[in-house]
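Data block below; observations after.
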Amino acid sequence: MHKLVINGPCQLSGETWVSGAKNSALPILASTILCEPGSVIHRIPHLKDVTSMVSLLSAMGMVFSVDDKLTLTVEKSAIESTTAPSDLVKSMRASILILGPMVSRYGEVVIDLPGGCAIGPRPINFHLNMMEKLGASISFNGDSVHIKADKLVGAEIVFERETVTGTENTLMAAACAEGRTVIKNAAREPEVVDLADFLNKCGAKISGAGTSQIVIDGVEKLSNCEHTVVPDRIEAGTLLIAGAMTQGNVEVLDCNPGHLSSVLKLLTEAGAKLDVKDSSVKVSMSSRPKPVSLSTSVYPGVPTDLQAQFIAMNAIAEGESVVQETIFENRFMHVSELKRMGAKVNIDRDTAYVTGVDGLHASVVKATDLRASAALIMAALCAKGTSVLEDIYHIDRGYANIEEKLSSLGAHIRRHPNYMVL
Ligand code: EPU
């Protein structure tokens, strides 16, 4: 199993770029089930989760081609099987995104329940309740769920709490449903807006994406379009925090600073100097970061997907901070690994109390989930000595070319097939 070997400490310096957003590319790919073939989608991030989604849709009958500039073309969108292969579904929770478009276009889908995952139980009740509201029937058989509908009919969907993929599934289920669907308490994340833009370019009638009320007027069918996936704001945030933590000087290109306001505010609070342009942000830091206390929340608040990275920065900050996780129940798995590197963090239920130390030490640590892996890499960049990050398949799920990008900024990081610590 490959490991990442990182020699620290280092100061990151130079410029790097951001890939297309994973959490936009995944629903957009799923939504092509609804559309005629021929869509051309630029800036598809080269990631394990994206490959898993393409494999899942391909196993069900679709055909895609991808060129060396990471532009994907949908060659065939017709599905031959309404049963999603369970090994592919189990490899990625986002496979739940095929539920809305499958039932809308093919009248049914049989899909395994995603079950628990490292960051909490992550149920799918919001998705299932929404499908029932639009007229589908649901039955369970062991580990799988069968969702069926002769036709979907628009309805009012009121989400008990904002849900990103739940809102996206609703957009896809309702785009070709009969009549009007109104989503209340909709997720406002930029990835939801990107999916709505893609569907609208294909002929859907969706208004209000990016606000808490979205209105979808069902159309008969969707055609195809050319689209560019929005920049990954979580990758951009991760690189900026890494630049600040290492007291470096890093310019992150091809990002959308408008999607990063909560992150930029915290970086400024930490003492970083920022130079924000239309599609780039430069961060410079000349001292240890000041601690930043935060509570994760839905967009435009501080994303849960950057909580681990902010804890890593606070771990070496000059003072104490309090980080509350309000989105997922069990998203502090990185903390025990950070402690191996000398971090001082105490967890009490949904809150981490961090006392910054003036240096971390290298260690062998395990990646427990995608964002935890990023936080551990960042800590290793600041720690003295050679750190080894195990179970790095998590990082490949969501960060494209991570070693390449960090190496170009001066990090000593390499992938090793069988690195042994003696
Ligand atoms: N929830 C339910 N029932 C549901 C759905 C969600 O109780 O049916 C709960 C969740 O357990 C959670 C809250 O509602 O407590 C919000 O979860 P949400 O549905 O918004 O999460 P998601 O759609 O499953 C997406 C991203 C996550 C990101 C969250 C929050 C994708 C593919 N995934 O997940 O991304 O953390 O929104 O922003 O878009 C990541 O990229 O590392 C990642 C985990």
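Bear in mind these aren't lab numbers, they're just calculated from the coordinates by the rules spelled out. Source: prediction; values computed, not measured. Ideal geometry is used to build each Cβ from the backbone, glycine not excepted, and the neighbour counts take in all protein chains shown.
Annotation: lysines with alpha-carbon distance below 20 angstrom to residue 282 (same-chain offsets under eight excluded): 265, 273, 290, 405.
To the nearest 10 degrees, how steeply does helix 48-59 sit against the main Cα axis of the chain, on a 0 to 90 scale? Relative to the chain, helix 48-59 is tipped by roughly 20 degrees.
Write down the Kirkwood hydrodynamic radius of segment 25-101, to one decimal in angstroms, obtained as one divided by the mean of 1/r over all alpha carbon pairs.
Numbers: mean 1/r = 0.0813 Å⁻¹.
Mean inverse Cα-Cα distance, inverted, gives 12.3 Å.
Please report the spacing between the Cα centers of segment 147-183 and segment 283-353 in Å, no decimals. Measuring centre to centre over Cα atoms gives 35 Å. Here the label points at residue 113 and residue 156, each 7 Å from Cα along the C-beta direction, are separated by 3.0 nm in the simple model.
Our compactness index for segment 326-407, the C-alpha radius of gyration over the empirical 2.2 N^0.38 Å, is 1.09.
Global size of segment 136-216: 13.1, 39 Å for Rg and Dmax (C-alpha atoms, Rg to one decimal, Dmax whole). Convex hull volume per residue, computed on the Cα atoms of the chain, equals 126 Å³. For segment 299-358, the orientation-averaged shadow of the C-alpha convex hull comes to 3.8 nm² (one quarter of the hull surface).
Taking every alpha-carbon pair in segment 124-273 and binning the separations at 10 Å intervals from zero gives 11, 32, 27, 18, 10, 2 percent.
Per-residue packing, averaged as other Cβ atoms within 10 Å, sorts the ranges 95-105, 171-181, 250-260 into the order 95-105, 171-181, 250-260, beginning with the highest.
Using only alpha carbons, segment 204-299 has a radius of gyration to Kirkwood radius ratio (Rg to Rh) of 1.13. At 0.36 nm per residue, and after removing the present C-alpha to C-alpha distance, how many nm does the segment from residue 129 to residue 273 gain when stretched out fully? Gain on extension, residue 129 to residue 273, equals 47.2 nm. Calculated mean residue ellipticity, 222 nm, the chain: -9000 deg cm²/dmol, from DSSP H runs (n ≥ 4) at -39500 (n - 2.57) each, averaged per residue and rounded to 500. Remark on segment 99-187: Rg and Dmax equal 12.5, 39 Å (Cα only).
What do you get for Rg/Rh of segment 45-145 when both radii come from the Cα atoms and Rh is the Kirkwood radius? Provide the component values of the computation, followed by the final result.
On the way: Rg = 14.3 Å, Rh = 14.6 Å.
Ratio of gyration radius to Kirkwood radius for segment 45-145: 0.98.
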